[in-house]
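Read the figures in this text as sums done on the coordinates, not as results from a lab. Worth saying up front: this structure is predicted, and the values here are computed from it rather than measured. Here the Cβ positions follow ideal geometry from the backbone for every residue, glycine too, while neighbour counts run over all protein chains shown.
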2 protein chains.
Amino acid sequence: MRSEVLAAVEAELAEHGYDGLTIDAVAVRSGVHRTTLYRRWKSVSGLLVDLLEAGADDAWEPADTGSLEGDLIAVNREVQAALTARPSVTQAVIAASFRTPEAAEALTRFWDDRYRRTAVLVARAVDRGELPAGVDAHQLLLTATGPVYHQLVLLRQPMSRAQADHHARIAAKAFAAARAADLP
Amino acid sequence: MRSEVLAAVEAELAEHGYDGLTIDAVAVRSGVHRTTLYRRWKSVSGLLVDLLEAGADDAWEPADTGSLEGDLIAVNREVQAALTARPSVTQAVIAASFRTPEAAEALTRFWDDRYRRTAVLVARAVDRGELPAGVDAHQLLLTATGPVYHQLVLLRQPMSRAQADHHARIAAKAFAAARAADLP
DNA sequence: CCCTAAATGCGACGACTGTTGCGTTAAGAT
DNA sequence: ATCTTAACGCAACAGTCGTCGCATTTAGGG
């Protein structure tokens, strides 16, 4: 039952986008009654939150390519792919997060978890001597991923995978350069 | 009449936020009839778009501090201030942009204009020899402002002015470092 | 096999949003 | 001053969203 409903949500999302996503459409497509949807998921945002959490891999961890630059490129490619997918569940939940607090909380929980897990690649880079100890992992990841999110979500302009790669390299070099500048 | 309505929109925005912003509330507060609001502004998004365009300074231009780093810091401080203001019209329009195409278009027009104007500080830096010719201004500005937007709008976490400054410095150094790396 | 409780289907209802037709008012031109 | 036109106020209306009461089904335990 849950899977049918979530599949219907995804299909509706692909066809009509977030602003065209309605409970009734999900009901008729999934064959589940309106009332049941309202009772179990409360709202459209609730459906999207469940879809997000259903798609969240509990075992997810960032790729280990052997270099900070490579790791950041891998991260940025995942971000770019998630935001340009059709339909993009991430984009939909972002949209929903501006309407209901539940979606906003689910999204911050999701990102909080992801950024926390991704921090290990910074630790690895420190161990390799690519970065100085004490680097703020969140700040570094923000430098790498922030431009990608901003371009694709807020500015609503295209960003190729190559450009996403480039921003990853900029972040890697910027923080490595900071280290070089600290040396005598 | 227009100014009273926009003032009412801003006041309602401050009290109830975007998701609590309703046409009726604006009508009673401004003393203008519902129907008139629907006819002239079409929707809540229309009101916010008008508020954004009313607040947009036609003569705006980025500060000229004499250095790329200083200029980017000034830009990031404006962004940070706009996003943490109470109420933040920018945040409200961003929220509206996920519901109606009109708001999305108005927002991209606004940012397109701002980023285009801000590009002059990159040209100045090139003239001063701080940056190599041919630097992609948009990419540089994205590196500086992207993290600020992402942190404050999507991640919904605080970012101090000092942190915004830091991201401006990172961007300045990253692109300047790229130039140094190109030199023999 | 039956009994109980939880979940679902169903129809109807109230609340809210946006629209329309019509009368009234205000502004500008001759 | 009068006429014309556009904008506004007003009330009623339709469509949609979310909720509620009740009947039906399903699952689990005695």
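Here are a few things to note about the model shown:
- Segment A:60-180: relative contact order in percent, alpha carbon pairs under 8 Å with at least 6 residues between: 36
- Convex hull of alpha carbon positions in chain A: directionally averaged projected area 11.3 nm².
- Loop-located chymotrypsin sites (Phe, Trp or Tyr not before Pro) in segment B:4-74, at most 14 other Cβ atoms within 10 Å (DSSP): B:Trp60
- 10 Å Cβ neighbours from other chains, averaged over peptide B:163-172: 3
- In summary, the lysines within cross-link reach of B:Lys173, defined as a Cα separation below 25 angstrom excluding same-chain residues under 8 places away, comprise A:Lys173.
- Per-residue [θ]222 nm for chain A (sum of -39500 (n - 2.57) over DSSP H runs n ≥ 4, rounded to 500): -22500 deg cm²/dmol
- Taken about its Cα centre, the protein assembly as shown carries a charge dipole of roughly 360 debye when the Cβ of each Lys and Arg holds +1 and the Cβ of each Asp and Glu holds -1.
- Inter-copy label distances for A:Arg40: 4.8 nm (label point placed 7 Å from Cα along Cα→Cβ; shortest first).
- The charge dipole of segment A:2-55, taken about its Cα centre with unit charges on the Cβ of Lys, Arg, Asp and Glu (plus for the first two, minus for the last two), comes to roughly 320 debye.
- Each other copy places its own label point for A:Arg109 at 4.0 nm from this one, sorted shortest first, where the point lies 7 Å along the Cα-to-beta carbon line.
- Nearest-first distances (nm) between copies at B:Arg2, label 7 Å from Cα via Cβ: 5.2
- Within segment B:18-46: backbone nitrogen closer than 19 Å to the B:Thr108 label point (7 Å, Cα to C-beta): B:45-46
- Virtual paramagnetic centre 7 Å along Cα→Cβ of A:Glu53, amide N under 16 Å, in segment A:95-116: A:97, A:100-114
- Applying 1/(1 + (r/R0)^6) with R0 = 45 Å to the Cβ-Cβ distance of A:Arg116 and B:Glu4 gives a FRET efficiency near 0.40.
- Projecting the Cα atoms of B:Tyr18, B:Phe110, B:Ala8 onto the charge dipole of chain B, computed from C-beta unit charges around the Cα centre, puts B:Tyr18 farthest toward the positive end.
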